[in-house]
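Chemist: Quick one: structure below, then a few questions.
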Amino acid sequence: MLPPRLKKRATSKLNTSFITQVIIELEANPHKLEIIRHNLAYYRTQTHLKKGFLLAIERFDWVFAACNNVDEICAQIMADDYIGNRLRRYPLLFKGILAP
């Protein structure tokens, strides 16, 4: 029996640059993690969300529960694993981080 083929999703250069800017901003201003927590709470109250978006919210809750250091949280967002890919797939979770 052959192993299943893994699909590689193409990542948008625009999305990658946005996430990189978000990470730089979070490292410079750790208090902006509260914006992400606020976004998570807001989207959790929405009734019609995709299953993938709900999973991303749940994974972000896991990251906040496991890490309390901004550097660890940023490393987890940029990690090339399941959770990091899931978090980077939904840039709405980072809405308001780059706003002045």
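Chemist: Which of these values of Cα Rg over 2.2 N^0.38 Å was calculated from the structure shown: (1) 1.46; (2) 1.12; (3) 1.91?
Modeler: (2)
Chemist: Between LEU92 and LEU54, what length in nm is gained on full extension when 0.36 nm per residue of separation is reduced by their alpha carbon distance?
Modeler: On the way: separation 38, 0.36 × 38 = 13.68 nm, distance 1.21 nm.
Contour length minus the Cα-Cα distance gives 12.5 nm.
Chemist: Here's something else I'd like to know. With only Lys, Arg, Asp and Glu charged, each at its Cβ (+1 for the first two, -1 for the last two), find how big the charge dipole of the chain is about the Cα centre; round to the nearest 20 debye.
Modeler: Around 720 debye, computed over the chain.
Chemist: I need the calculated FRET efficiency for the pair ASN29 and ALA66, taking r as the beta carbon distance and R₀ as 30 Å, to the nearest 0.05.
Modeler: Details: r = 22 Å, r/R0 = 0.72.
It comes out at approximately 0.90.
Chemist: Also: For a quick protection proxy, order the peptides 36-49, 72-85 by their average other-Cβ count within 10 Å, most packed first. It would help to have the intermediate numbers written out before the result.
Modeler: Values: 36-49: 12.4, 72-85: 14.9.
The most tightly packed comes first, giving 72-85, 36-49.
Chemist: Report the accessible area of GLU25, computed with a 1.4 Å probe over the heavy atoms of all protein chains in place, in Å² rounded to the nearest 10.
Modeler: Ignoring ligands and nucleic acids, GLU25 comes out at about 50 Å².
Chemist: For the chain, take the longest principal axis of its alpha carbons; what is the angle in degrees between that and the long axis of helix 33-44, to the nearest 10 within 0 to 90?
Modeler: Value to nearest ten degrees: 60.
The values are calculated or read from the model by the stated rules, or taken from the named source; none is laboratory data. Keep in mind that this is a model prediction, so the values were computed, not measured. All Cβ positions, even for glycine, are placed from backbone atoms using ideal geometry, and neighbour counts span all protein chains on display. Each accessible area value is taken on the protein alone, full model and side chains, heavy atoms only, with ligands, DNA and RNA left out. Shrake-Rupley method; radii C 1.70, N 1.55, O 1.52, S 1.80 Å.
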